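Computed from the coordinates by the stated procedures, all read-outs in this text should not be read as laboratory data. Predicted model, so just to flag it, every value in this text is computed and none were measured. Cβ placement follows ideal geometry from the backbone for every residue including glycine, while neighbour counts extend to all protein chains displayed.
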Amino acid sequence: MKYDDEVYERIMESFDALPIMCLINGRFIAIHGGISPQLKDLKEAANLDRFQETPKDGIICDLLWSDPCEVDDQAPLMEWESNSTRGCSYVFGGKAANSFLSKNNLISIIRAHEAQLEGFKMYKWNQNVEFPSVITIFSAPNYCDVYNNKGAIIKFKNNMVNIQQFNYSPHPFILPQFMNIFNWSIPFVSEKINEMLLHIIKKDFNDEIVDGNTTTGTELLDKNLTSKLRMKVKFVTLMMKMYKTLREESELIMKLKGFCPGNRIPIGILMQGPEALKNAYERYKNAKQQDAINEKRPNKKYFNNNLFKQIFNKKKKKKKRTKNFFIKN
């Protein structure tokens with residue numbers, strides 16, 4: 001929202017160049033997701049071509065997408081299973097992890113990829129070694145502003161490994177969509193102006209009644225004048241209702257904008273009041289939950305069509321990347 005397409009393109013190119021693995025002190029391996037059944041020796045990882053989009057399978061895919069087994073009674077003896085949660089890669093257990101560590105003379109696998117309530121989790125799958133085979137470290141406290149989890153980091157110093165936890169801090173106050181104070185105050189100013197207009201209209205209406213010669217208020221007013229005044233009062237009342245809703249439900253409106261195409265709320269919904277906003281938000285929220293299945297990686301058949309071959313085949317002439325290159329499952 002704040003920058004242009006060129007900045008977006010540079011960010012995407014930077015992600016394609018990020019490292020996929022790190023060896024720490026010669027005894028710890030740091031990766032994002034987990035290990036791969038195809039990766040037997042660390043030398044193989046050094047020869048990988050990381051300057052590409054993440055493939056649908058293979059070593060790079062596993063290093064970014066695999067997860068350790070969470071079932072405690074089965075994990076120590078488990079080797080590999082398909083990862084149904086991610087829709088790609090594998091779930092690995094103690095047998096696979098300990099075999100990999102032994103072959104490569106490593107102590108532990110340090111990875112992230114999953115939110116943890118305490119900011120970290122240790123998988124002690126090797127009874128012969130006190131140090132955990134796998135450590136999940138997660139540094140984002142209160143993830144997505146809903147998890148209420150702690151964050152944590154690992155410090156390596158003088159051959160010592162320390163885990164430091166920390167709680168989240170309140171967000172700095174930022175106006176919605178980075179608005180300045182003038183734009184933010186327009187609804188409040190408009191509401192006050194409408195109140196002034198309403199008082200003026202009411203005064204004119206009362207003056208006409210007082211100046212009349214007959215005894216009944218409705219008969220004193222000219223029909224055309226009465227109709228115009230009613231239309232003005234109705235219009236001003238609707239505007240007041242709309243700006244009041246805009247002011248009181250600003251946070252809900254911003255959430256609803258995030259769900260709507262083009263960041264625009266449905267036409268006319270402000271006039272219907274807060275209840276209509278809440279109902280619309282719930283409908284969009286339910287639709288997003290039902291669409292969660294599409295957040296997975298696409299099925300294999302989608303990777304085999306011509307469009308994906310054009311995107312992922314690096315031997316062909318490089319084409320301009322678009323934001324909408326991802327095809328939903």
- line: HN-Hα couplings for the stretch 63-68 via Karplus (6.51, -1.76, 1.60; θ = phi - 60°), in whole Hz with x for Gly/Pro, come out as 4, 9, 10, 6, 9, x
query: Under 5 Å between amide H atoms, partner at least 5 residues away or on a different chain: which partners does Lys124 have, H built in plane at 1.01 Å?
result: Ser133
statement: FRET efficiency for His199 and Lys2 from the Cβ-Cβ distance with R0 = 51 Å, rounded to 0.05, comes out at 0.80
message: Between Lys234 and Ser190, what is 0.36 nm times their sequence separation minus the Cα-Cα distance? Round to one decimal in nm.
response: 14.2 nm
query: Order of 70-76, 132-138, 14-20 by packing, highest average Cβ count within 10 Å first?
result: 132-138, 70-76, 14-20
- prompt: Applying the Karplus parametrisation 6.51 cos²θ - 1.76 cosθ + 1.60 with θ = phi - 60° to the phi angles of the stretch 90-99, what ³J(HN,Hα) value in whole Hz is obtained for each residue in order, glycine and proline being reported as x?
  reply: 9, 10, 10, x, x, 4, 5, 5, 5, 5
- prompt: HN-Hα J couplings of the stretch 103-108 from phi, Karplus 6.51/-1.76/1.60, θ = phi - 60°, integer Hz, Gly and Pro as x?
  reply: 5, 9, 6, 10, 9, 7
query: Residues of the stretch 155-195 with amide nitrogen under 17 Å from the 7 Å Cα-to-Cβ point of Met254?
result: 169-188
field: Label point distance in nm, Asn25-Met160, each placed 7 Å from Cα along Cα→Cβ
entry: 1.1 nm
- prompt: In debye, nearest 20: dipole of the stretch 5-166 around its Cα centre with unit charges on the Cβ of K, R (+) and D, E (-)?
  reply: 780 debye
